[in-house]
Amino acid sequence: MRLAILFIYMFLSSTCYAQTYEELINKSYDYLEKDDLVASEESLRAAMRLEPGNPHNYALLSNLGTIQRRQGKREEALFSYSTALSRRPQDITLLANRASLYAEMGETDKAIADYNILLLSEPEEQNALYNRGILFLQKKDFIAAESDFDKILEVNDKTVYGRLGHAIMEKMRGNYNESERIYNYLINEMPKDWQMYEGRAELYFMMGKNARAKADINKVIIESGPKASLYVLRGKINLAQYEKEAALKDFHKAQELGYDPAIIDELLRMSK
């Protein structure tokens, strides 16, 4: 009996180890489709352990980083992207992935550095130009941001990114009327693009046009679905209007949807 059990164990083990590099990668994709991120991650690791010198491992490291990022493992994701980039330092996708992760982690200068390298190779890459422009806005470097947004419009005058960048920039500069004009144009052109309504709602709040701000927020919530940032914005508007009960309700809803706990705690204290 013990011999039979041992034989079965050895057979199963050999079957597992007999999986090829390609089979392990396909398994990772299968797990990913099932939203089993842990198993997908382990399958990629197993493939790279099986063939550590495979030249395609840079792509697996990129996928691994994205899977880790989705699990909230930012430091591990950063290590995976950086390891992949050590093998392919000019890879556009890898640079974009790491830049966006750096931005997510608040490492603005490092994110800009990656976009700089990317744009040296692909100077007309619109997503990179837009993302770098937004990062320049965070640093209050309006001249550099404007240059990126203008470049986008030079490359493609029909794209939304350039005009949206200008709308955000004018809002930050305090040129509210110009920002509103651009948002109105974009919404007229793309009436189902919900990020435009959220951006305009924030602008209306800054302008003191609270009824219009709430109208935009409510439209997005009804037609697109709940989003934590919308409830935070509406809660701030309610708080400004001394509607503390409504503000608390919105902040609690944002909390349920996973908004930054530290910010929510501060907003809840302000609402009491």
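Highest GNM mean-square fluctuation among Ile222, Ile134, Ile187, for the chain modelled with Cα contacts below 10 Å: Ile222. Stretching the chain fully between Ala262 and Gln138 yields a gain of 42.6 nm (0.36 nm per residue, less the alpha carbon separation).
Our summary gives the stretch 21-117 a relative contact order of 18 percent, counting only alpha carbon pairs under 8 angstrom and 6 or more residues apart.
Taking one quarter of the surface of the C-alpha convex hull of the stretch 123-175 gives a mean projected area of 3.1 nm².
As a rough footprinting exposure proxy, the listed residues Ser147, Ser86, Ser179, Ser62 were ranked by other beta carbons within 10 Å of their own, and the order from fewest upward is Ser86, Ser147, Ser62, Ser179.
What FRET efficiency comes out for Asn127 versus Asn54 if R0 is 35 angstrom and r is the Cβ-Cβ distance? Round to the nearest 0.05. The pair Asn127/Asn54 has a calculated efficiency of 0.75. Calculate how steeply helix 228-240 sits against the longest principal axis of the alpha-carbon atoms of the chain, using the helix alpha-carbon long axis, and give the answer as 0 to 90 degrees to the nearest 10. Orientation of helix 228-240: about 30 degrees from the principal axis.
Of the cross-linked pairs Lys34/Lys214; Lys27/Lys110; Lys140/Lys214; Lys158/Lys227; Lys209/Lys244, those separated by over 30 Å at the C-alpha level are Lys34/Lys214; Lys27/Lys110. Footprinting exposure proxy ranking of Tyr204, Tyr115, fewest other C-beta atoms within 10 angstrom first, gives Tyr204, Tyr115. Within the stretch 228-267, the chymotrypsin sites (Phe, Trp or Tyr not before Pro) that combine a DSSP coil assignment with at most 10 other C-beta atoms in a 10 angstrom radius are Tyr242. For the stretch 109-232, relative contact order (Cα pairs under 8 Å, six or more residues apart, normalised by length) works out to 14 percent. Packing-based ranking of 136-142, 163-169 yields 163-169, 136-142, ordered from highest to lowest mean Cβ neighbour count within 10 Å.
Efficiency by 1/(1 + (r/R0)^6): what FRET value for Met207 and His252, r their Cβ-Cβ distance, R0 = 45 Å, to the nearest 0.05? The value I calculate is 0.95.
Cα gyration tensor of the stretch 21-117, axes a ≥ b ≥ c as square roots of the eigenvalues: rounded (a/c below 1.5), prolate (a/b > b/c) or oblate? Oblate is the answer for the stretch 21-117, as a/c is 1.5 or above yet b/c matches or exceeds a/b. The stretch between Lys219 and Tyr176, if pulled fully straight at 0.36 nm per residue, gains 13.3 nm over its current Cα-Cα span. If you fit an axis through the alpha-carbon atoms of helix 261-270 and take the longest principal axis of the Cα set of the chain, what angle between them do you get, 0 to 90°, nearest 10? Around 30 degrees separate the two axes. Note on Lys272: aspartates and glutamates with a C-alpha under 13 Å away, same-chain residues under 8 apart excluded, are Glu243, Glu245. Largest mean-square fluctuation among Asp260, Asp91, Asp216, in a Gaussian network model of the chain whose springs join Cα atoms under 10 Å apart, belongs to Asp260. With contacts taken as Cα pairs under 8 Å at a separation of at least 6 residues, the chain carries a relative contact order of 7 percent.
Every read-out reported here was derived from the displayed coordinates using simple, explicitly stated rules and does not represent laboratory data. Given the structure is predicted, the values throughout are model-derived calculations rather than measurements. Because the Cβ atoms are built from the backbone with ideal geometry, glycine has one as well, and the counts that use them run over all protein chains shown.
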